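So the structure is just underneath, and the comments pick up after that.
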Amino acid sequence: GHASYLSSTICEEFIALLGEKVFEHIVKELKEAKYFSVSVDSTPDISNLDQLTCLDRYVLPIGPVEHFLTFLDLKHSGEDIAKSLLQFFEKIGVNIANCRGQSYDYASNLSGKYQGMQAWIRERSENAVYIPCCAHSLNQVGQCAVDCFTAISFFSFVQKLFVFFFAASTKQGKVLLERLAEANEKLPVVKDLSETRWSAYADAVTALQKGYDRIRAALDHLCDDSQKPDTRIEAQGLSKMMEKLEISIMTEIWYTILERFHKTSAKLQDLKMDLNTAVVLLESLHEFIISLRSQFSHFEEQGTNRNSCVDYYRNELHRTRKRNRKYDDGESEETQLSPRENFRIETYLIIIDKLSSAL
């Protein structure tokens with residue numbers, strides 16, 4: 001016979017050899033550039049294994065470049081992480097004294113002024129200025145805005161949609177795909193939310209906003225008597241949620257906000273991004289968020305125009321509760337907000353103001 005060299009063992013050897021060559025080339029460039037900055041971040045992979053990723057950034061004649069270097073042993077204290085990084089640089093022959101910058105997220109073991117990783121690196125290289133990662137900072141801004149009850153309920157509903165269609169049964173996912181395929185344009189499927197990637201929220205809300213009516217139709221189809229009782233009950237509950245005007249409006253609000261956040265975050269991660277441009281981008285985002293404060297009527301109109309939801313707020317059908325008056329309360333009437341004003345003030349403005357103050 002003849003050798004094909006296509007076995008899994010041979011392929012893995014080829015990958016390992018290529019990886020070694022690429023790594024050697026990166027280290028050679030790094031030494032030639034001399035000065036560099038470092039970035040470290042940890043995130044769990046799909047198997048729930050936490051990995052600490054190390055990246056370097058340096059300048060070549062063609063411009064700044066950024067490369068992945070290695071996975072470090074995951075330690076919990078800033079001192080242990082710093083020692084792991086220092087040992088790695090010593091092993092490859094790179095002088096940490098030439099480090100001119102370090103960028104991490106806001107985890108205390110990385111960013112701590114006294115016991116964080118950045119403090120231990122500064123002891124070895126006093127010019128290694130610590131700069132918080134802009135993308136992580138923007139991510140924290142987004143997380144801050146979903147603290148109000150209505151926003152939490154909305155994203156919980158978005159996650160329930162994904163679980164119902166794709167985590168519970170393939171049959172339910174097939175029904176959704178069939179409904180989405182009936183549209184004149186290609187529509188994205190519902191997405192899973194991520195605890196670490198704020199961009200996943202943008203993808204999930206975009207899928208809901210683009211395919212709102214089709215998703216509702218898929219849920220209604222799964223409400224018939226041919227389905228299992230638990231499937232039917234869950235589909236009915238999700239369908240009733242999508243019928244609410246508040247959910248429709250929240251979809252439009254978060255679609256607009258997260259689309260702009262996602263584009264800004266992607267720009268901030270550009271290899272050629274400079275500090276001045278980053279400042280302009282964040283200032284522009286801040287001005288955009290402030291401008292949304294007066295646009296509630298626009299979002300309300302978009303939500304009302306959707307065929308899959310009602311055109312009234314939930315509390316409009318409820319009797320207004322009146323507090324028992326005491327003898328010393330005075331004669332002034334108690335202020336009663338309409339359901340529309342209550343949603344605008346207690347939900348919409350809180351989201352906008354939290355985003356604005358965090359930026």
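The values are calculated or read from the model by the stated rules, or taken from the named source; none is laboratory data. What you see is a predicted model; the values in this text were computed from it and never measured. So basically every Cβ, Gly included, is an ideal-geometry build from the backbone, and we count neighbours across all protein chains shown. These area figures cover heavy atoms from the full protein model, side chains too; ligands, DNA and RNA do not enter into them. Shrake-Rupley method; radii C 1.70, N 1.55, O 1.52, S 1.80 Å.
Some values worked out for this structure:
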| item | result |
| --- | --- |
| Of all residues making up the range 190-209, the number that are within 16 Å of M242 (Cα to Cα) and touching a residue at least 24 places away in the same chain (Cβ under 8 Å) | 6 |
| Subset of the range 78-106 (residues that are more than 18 Å from E66 (Cα to Cα) and in contact (Cβ under 8 Å) with a residue 60 or more places away in the chain) | G93 |
| Pairs with Cβ under 6 Å, 6+ apart, first in the range 111-132 and open to solvent by 40 Å² or more (accessible area, probe 1.4 Å), second part of a loop (DSSP other than H, G, I, E, B) | R122/A128 |
| Residues located in the range 70-106, provided they are of a type outside the set (F, W, Y), in a strand (DSSP E or B) and over 20 Å from R124 (Cα atoms) | T70 |
| Hey, K186 at pLDDT 70 or above, touching a Phe, Trp or Tyr at 6+ places or on another chain (Cβ under 9 Å) and among the basic types (K, R) or not | no |
| Residue pairs meeting the criteria (Cβ under 7 Å; at least 6 apart or on separate chains; first in the same structural domain as Q159 (by the TED database) and farther than 17 Å from K210 by Cβ, in the range 233-256; second modelled with pLDDT under 90 and of a type in the set (S, T, Y)) | E243/S308; L245/T304; L245/Y312; L245/Y313; E246/Y313 |
| Members of the range 54-69 found to be open to solvent by less than 30 Å² (accessible area, probe 1.4 Å) and without any contact (Cβ under 8 Å) to a residue 60 or more places away in the chain, listed by number | C54, D56, Y58, L69 |
| Of all residues in the range 235-262 being of a type in the set (G, A, S) and surrounded by fewer than 21 Cβ atoms within 10 Å (Cβ to Cβ), the one that is farthest from R216 (Cα to Cα) | G237 |
| Answer from A183, A200 - the residue that is more than 21 Å from F154 (Cβ to Cβ), of a type in the set (A, V, I, L, M, F, W, C) and surrounded by fewer than 18 Cβ atoms within 10 Å (Cβ to Cβ) | A183 |
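So that you can scan it fast, the table gives a plain yes or no per residue for (1) open to solvent by less than 30 Å² (accessible area, probe 1.4 Å); (2) out of contact with any strand residue (DSSP E or B) (no Cβ under 7 Å at 6 or more places or on another chain); (3) over 24 Å from Y114 (Cα atoms):
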residue	(1), (2), (3)
S8	no, yes, yes
C11	no, yes, yes
I15	no, yes, yes
V22	no, yes, yes
V27	yes, yes, yes
K31	no, yes, yes
K34	no, yes, yes
A82	yes, yes, no
